[in-house]
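Scroll down for the structure; my scribbles are underneath it.
The values are calculated or read from the model by the stated rules, or taken from the named source; none is laboratory data. Note that this is a predicted model, so its numbers are computed, not measured. Using ideal geometry, Cβ is built from the backbone for each residue, glycine included, and neighbour counts are taken over all protein chains shown. Areas reflect the complete protein model, heavy atoms only, side chains present, ligands, DNA and RNA absent. Shrake-Rupley method; radii C 1.70, N 1.55, O 1.52, S 1.80 Å.
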Amino acid sequence: MANHTKQLLAESLKELLTHKPVDKITVKEIVAGCGVNRQTFYYNFHDIYDLMEWILLEDARQIIGTGTVCKDWVEAMSKVFKYLQDNEDRTLNAFHSMSRASLRNCIKSVFYPIMETILDSQPNAGRLSSENRKFLLDVYILLLTGIVIEWIEGGMRGDYMFELNRLKRVIDCTATHLIDEFSMTI
């Protein structure tokens, strides 16, 4: 029942986001759009930004899938980019209302498992210490986060596949070398 209520609240916020930014939306409008009360909203979410982050993560999980190994990470990421582009008004309204920290956390939550699959599939990845493995994952996530943020800031007009393929080239050219380099670090 709780997940159903969260979905109702999410759909209401999504509808409102097609018309105005998050900072112009009230909890009253959200609950009115789905027929629940304010208490129900606050039982499920701390605030509107909490709901917005939940929406982004849930939508991304549905697009990419959960619990599966990502064999074609460029394709998985391109699905997310396409979804964002297909929902441009909502994406831009959410983007311009979110703190950069929240946006980075959402991107990291969505793409971290994909980056883990990429890194772990590299030769000698098992030789990395957990600290160095985390560091390399963070480096690649920062690269991806920068690409996503710049693409959205540019009005989502650039060719995201071009950027994703460039990122793939960077990872393909550096992953094995960095793993070998960081495996030697004590």
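Summary of values
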| quantity | calculated |
| --- | --- |
| Hits in the stretch 171-181 - residues which are within 17 Å of MET115 (Cα to Cα) and surrounded by 13 or more Cβ atoms within 10 Å (Cβ to Cβ) | ILE171, THR174, ALA175, THR176, LEU178, ILE179 |
| Some residue of the stretch 131-147 being closer than 19 Å to ASP172 by Cβ and touching a Gly at 6+ places or on another chain (Cβ under 9 Å) | no |
| Selection count, the stretch 18-39, where residues are assigned to a loop (DSSP other than H, G, I, E, B) and either open to solvent by 60 Å² or more (accessible area, probe 1.4 Å) or under 24 Å from LEU84 (Cα atoms) (or both) | 8 |
| Filter result (within 19 Å of SER102 (Cα to Cα) and of a type in the set (Asp, Glu)) within the stretch 1-33 | ASP23 |
| Some residue of the stretch 71-78 being at pLDDT 80 or above and farther than 17 Å from ILE147 by Cβ | no |
| Residue match in the stretch 142-152 (condition: open to solvent by less than 20 Å² (accessible area, probe 1.4 Å), more than 13 Å from LEU84 (Cα to Cα) and more than 18 Å from the chain's Cα centre (by Cα)) | no |
| Filter result (over 14 Å from ASP59 (Cα atoms), open to solvent by less than 50 Å² (accessible area, probe 1.4 Å) and out of contact with any Cys (no Cβ under 9 Å at 6 or more places or on another chain)) within the stretch 1-17 | LEU16, LEU17 |
